[in-house]
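Visitor: Structure provided below as structure tokens; questions to follow.
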Amino acid sequence: MFIFSVTAKAKDAIDGFEKGASAPFIVYVDFQDLVGAEYLARFYVTKEGFFDVVVDKRRQLKRDKVAKFAQKNKQVKEALTTGYAIQLFDQD
């Protein structure tokens with residue numbers, strides 16, 4: 001599983017972000033390789049109505065730690081079930 005810190009611009013006003021405003025995300029992708037996981041992270045954020053997706057940070061969770069982390073983090077648990085999860089941060 002890979003975790004990406006991402007920023008993207010809103011195509012329209014979405015969840016408190018004005019059109020064109022940058023929005024911060026954490027994207028969780030359960031995939032085998034980094035290149036494919038990063039492509040999927042960009043795709044999922046774009047699919048939610050954002051553009052100019054920039055991956056700021058990347059991190060791989062080791063397989064043996066994923067199950068333990070999933071008990072504490074609902075997004076990791078969702079990513080294990082559906083293949084991905086997106087967490088949008090509020091603009092505060």
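Visitor: Quick check on the exposure proxy: order PHE4, PHE89 from fewest to most C-beta atoms within 10 angstrom.
Guide: PHE89, PHE4
Visitor: How do PHE25, PHE69 rank when sorted from fewest to most other Cβ atoms within 10 Å of their own Cβ?
Guide: PHE69, PHE25
Visitor: Follow-up. Can you tell me which aspartates and glutamates have their Cα less than 13 Å from the Cα of LYS68? Leave out same-chain residues fewer than eight positions away.
Guide: none
Visitor: Here's another thing I want to ask about it. Taking 0.36 nm per residue of separation and subtracting the Cα-Cα distance, what length does fully extending ILE14 through THR81 add?
Guide: Length gained, ILE14 through THR81: 21.5 nm.
Visitor: Could you tell me what % of all Cα pairs in the chain have separations over 22 Å?
Guide: Value for the chain: 26 percent of Cα pairs lie more than 22 Å apart.
Visitor: Between the helical axis of 63-72 and the dominant principal axis of the chain, each derived from Cα atoms, what acute angle in degrees is found, rounded to the nearest 10?
Guide: For 63-72 against the chain, the angle is about 60 degrees.
Where a number appears in this text, it was derived from the coordinates with a stated rule and is not lab data. Computed from a prediction, not measured in an experiment: that's the story for all the values here. All Cβ positions, glycine included, derive from the backbone under ideal geometry; neighbour counts span all protein chains shown.
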